[in-house]
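What follows is a set of notes on a single structure, which appears directly below.
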Amino acid sequence: MRRQDPRPNFMTSAFLKCIEQSCQQRYPLDAKEHQCPECGGLLDVQYDFPRIDPASLRLLWQQRKTSSAITDQSGVWRFRELLPFAPEGTNVVSLSEGRTPLIEVNRTGEWAGGVRLAIKHQGNNPTGSFKDLGMTACITQAAILGSRVTACASTGNTSASMAAYAARAGMKAVVFVPFGKISTAKLAQALEFGAVVIEMGDNFDQAFRMLRELTDELGLYLVNSLNPFRLEGQKTIVFEILEQRDWRVPDYLVLPGGNLGNVSSVGKGLQELRQLGLIDKLPRLVVVQAEGASPFYTMIATGAGEITPVQPRTEASAIRIGNPVNWKKALRAVRLTDGLCESVTDEQIFEAKATLAKDGVGCEPASAAAVAGTQKLVRSGKIEDGADVVAVLTGHQLKDPEISIKRRSERELAQQRLHVEADIHKLRAVLESVMLQSA
Ligand code: F0G
């Protein structure tokens, strides 16, 4: 491993730890398993952080923005003091991920019921989704461990991201996706980055179950969000959001929920920021699921003790997941922050997406669920009007372009998509009527 910039004096020990209260077993970072070998529980990467001075750490992170070192250019590794599982000087596998904009969307905030709404656009990442934050972390860990073949099951974005980072690291990538159920754009990305794409089964859950049965046996490096190193990268989204807000904590932080890795990582990031004194209160985390794929919402709404898997149904294909593997970590995050959970119909998702477009912001359907859920919670009085809300848009508009056209009404298309003969008189007449409409 080549040495890059030396880390300031911030030595931390890192280990894996089972999240089950009754177990809490610790394992070394190079343990092969992604789940506790003792009890099957989910694992966290945990650190014994030293005492730090929050002001100097903030300043250091700020100063790195003007540096051209790879680790400083990355919106993940710029915060490396808080993900010190990678030894000092590690040659990280990065594509300059993170560094995404936080944008106020006033029209959408009004539409949602009069909240101060900003969106954190994770679609502005190298492969167009928030997965890149997690992928730089876990492919770097795969490289540290000397892995040669990486694998994931995916609704499309994880596969696109893994394929890119694996290509960069010189590893083979194998992805399992539900047959005919992921967008062409995401499939195209995985293929272009050289992954082997295995299309199987009807939904993510089936593909994931099959893959998990074979990973250990075949020595594949699994990068699904079951892999705790993925979540270490993804947690940096809250560091960026808070830095962009001069460390003012919003009232609510809203995310769409599928396999529930993202909300888990955000909860962990917030908890660490508070532990280290970088913030003194927490935003309430809000998880929004699509109604036809909302087992986590149902569990919370009914007060059930555990998740009941469902057959997932939604046009927001990225979150078409019926058996989310991270539900225990997500529940921990919701409880930690006194959070909320909501479910929204596909109609509500597409209405939110159309509203964001009026603010000039595009995203894929799953992302718009966060905004639809905000509106629903304001309407039911669970989020107060005037609240300071940040919604995470998880994926780029062009991840699913077919649906943007399919979802436009005939009337809208009649006004917007005009097929005109190449005749100057006809063209003039059409343009005149367009100009009349906007007068
Ligand atoms: N939004 C988008 C655009 C996604 O691709 C996903 C998950 C989510 C939200 C939900 O995030 O699973 O952490 O709760 N996509 C995964 C994939 C499952 O395979 O690309 P989560």
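Things worth noting here:
- Test: residue in segment 153-160 that is more than 21 Å from ARG320 (Cβ to Cβ) and buried (at least 24 other Cβ atoms within 10 Å of the Cβ): no
- Restricted to segment 351-364, and to residues there that are more than 13 Å from the ligand (Cβ to nearest atom) and surrounded by 22 or more Cβ atoms within 10 Å (Cβ to Cβ), the residue that is farthest from GLN289 (Cα to Cα) is VAL361.
- Between GLY156, GLY134, GLY128, GLY146, the distinction of being more than 7 Å from the ligand (Cβ to nearest atom), on the phi > 0 side of the Ramachandran plot and under 18 Å from the mean Cα position of the chain (by Cα) belongs to GLY128 only.
- Yes/no for VAL93 being at pLDDT 95 or above, assigned to a loop (DSSP other than H, G, I, E, B) and either over 22 Å from the mean Cα position of the chain (by Cα) or over 15 Å from GLU243 (Cβ atoms) (or both): yes
- Residue match in segment 210-217 (condition: surrounded by fewer than 24 Cβ atoms within 10 Å (Cβ to Cβ), within 16 Å of the ligand (Cβ to nearest atom), assigned to a loop (DSSP other than H, G, I, E, B) and not assigned by TED's automatic domain parsing to the domain that holds ALA352): no
- Among residues of segment 312-340 that are free of Cβ contacts under 8 Å to residues at least 60 places away in the same chain and over 24 Å from GLY41 (Cβ atoms), those with a Cβ under 6 angstrom from a residue that is away from the ligand (no atom under 13 Å from the Cβ) and in a helix (DSSP H, G or I), sequence gap 6+ or separate chain, pair up as ARG313/GLY292; THR314/GLY292; THR314/ASP346.
- Which listed residue, of SER343, SER367, is touching a strand residue (DSSP E or B) at 6+ places or on another chain (Cβ under 6 Å), of a type outside the set (D, E, K, R) and away from the ligand (no atom under 12 Å from the Cβ): SER343
- Number of residues in segment 224-251 that are within 18 Å of LEU285 (Cα to Cα) and within 16 Å of the ligand (Cβ to nearest atom): the value is 7.
- Leading residue by the ranking (farthest from PRO324 (Cα to Cα)) among those in segment 188-205 that are assigned to a helix (DSSP H, G or I) and within 13 Å of the ligand (Cβ to nearest atom): GLN189
- Complete set of residues in segment 328-347 that are in contact with a helix residue (DSSP H, G or I) (Cβ under 6 Å, 6 or more places away or on another chain) and surrounded by 21 or more Cβ atoms within 10 Å (Cβ to Cβ): LYS329, ALA330, ALA333, CYS341, GLU342, SER343, VAL344
- Any chance ASP400 is touching a residue at least 40 places away in the same chain (Cβ under 8 Å), within 16 Å of the ligand (Cβ to nearest atom) and farther than 21 Å from VAL287 by Cα: yes
Matching residues to (1) of a type in the set (Gly, Ala, Ser); (2) in contact with a Cys (Cβ under 9 Å, 6 or more places away or on another chain); (3) in the same structural domain as ALA368 (by TED's automatic domain parsing):
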position	(1), (2), (3)
LEU29	no, no, no
ALA55	yes, no, no
ARG58	no, no, no
TRP61	no, no, no
ILE70	no, no, no
GLN73	no, no, no
TRP77	no, no, no
LEU83	no, no, no
ALA118	yes, no, yes
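- For THR108: the one exception among (1) more than 16 Å from the ligand (Cβ to nearest atom); (2) crowded, with 24+ Cβ neighbours inside 10 Å; (3) closer than 17 Å to ASN227 by Cβ: (3)
- Check on THR140, crowded, with 16+ Cβ neighbours inside 10 Å, within 23 Å of LEU255 (Cβ to Cβ) and in contact (Cβ under 8 Å) with a residue 12 or more places away in the chain: no
- Within segment 158-182, residues that are farther than 18 Å from ARG212 by Cα have Cβ atoms under 7 Å from residues that are among the polar types (S, T, N, Q) and more than 15 Å from the ligand (Cβ to nearest atom) in these pairs: TYR165/THR136; MET171/SER147, counting only partners at least 6 apart in sequence or on another chain.
- Qualifying residue in segment 277-286 (condition: of a type outside the set (D, E, K, R), touching a strand residue (DSSP E or B) at 6+ places or on another chain (Cβ under 8 Å), away from the ligand (no atom under 12 Å from the Cβ) and in a helix (DSSP H, G or I)): no
- Near pairs, Cβ below 6 angstrom, 6+ apart or cross-chain, from segment 208-223 (touching a residue at least 12 places away in the same chain (Cβ under 8 Å)) to any residue that is assigned to a helix (DSSP H, G or I) and polar (S, T, N, Q): LEU222/THR215
The values are calculated or read from the model by the stated rules, or taken from the named source; none is laboratory data. Quantities reported herein were computed from a predicted structural model and do not represent experimental measurements. Using ideal geometry, Cβ is built from the backbone for each residue, glycine included, and neighbour counts are taken over all protein chains shown.
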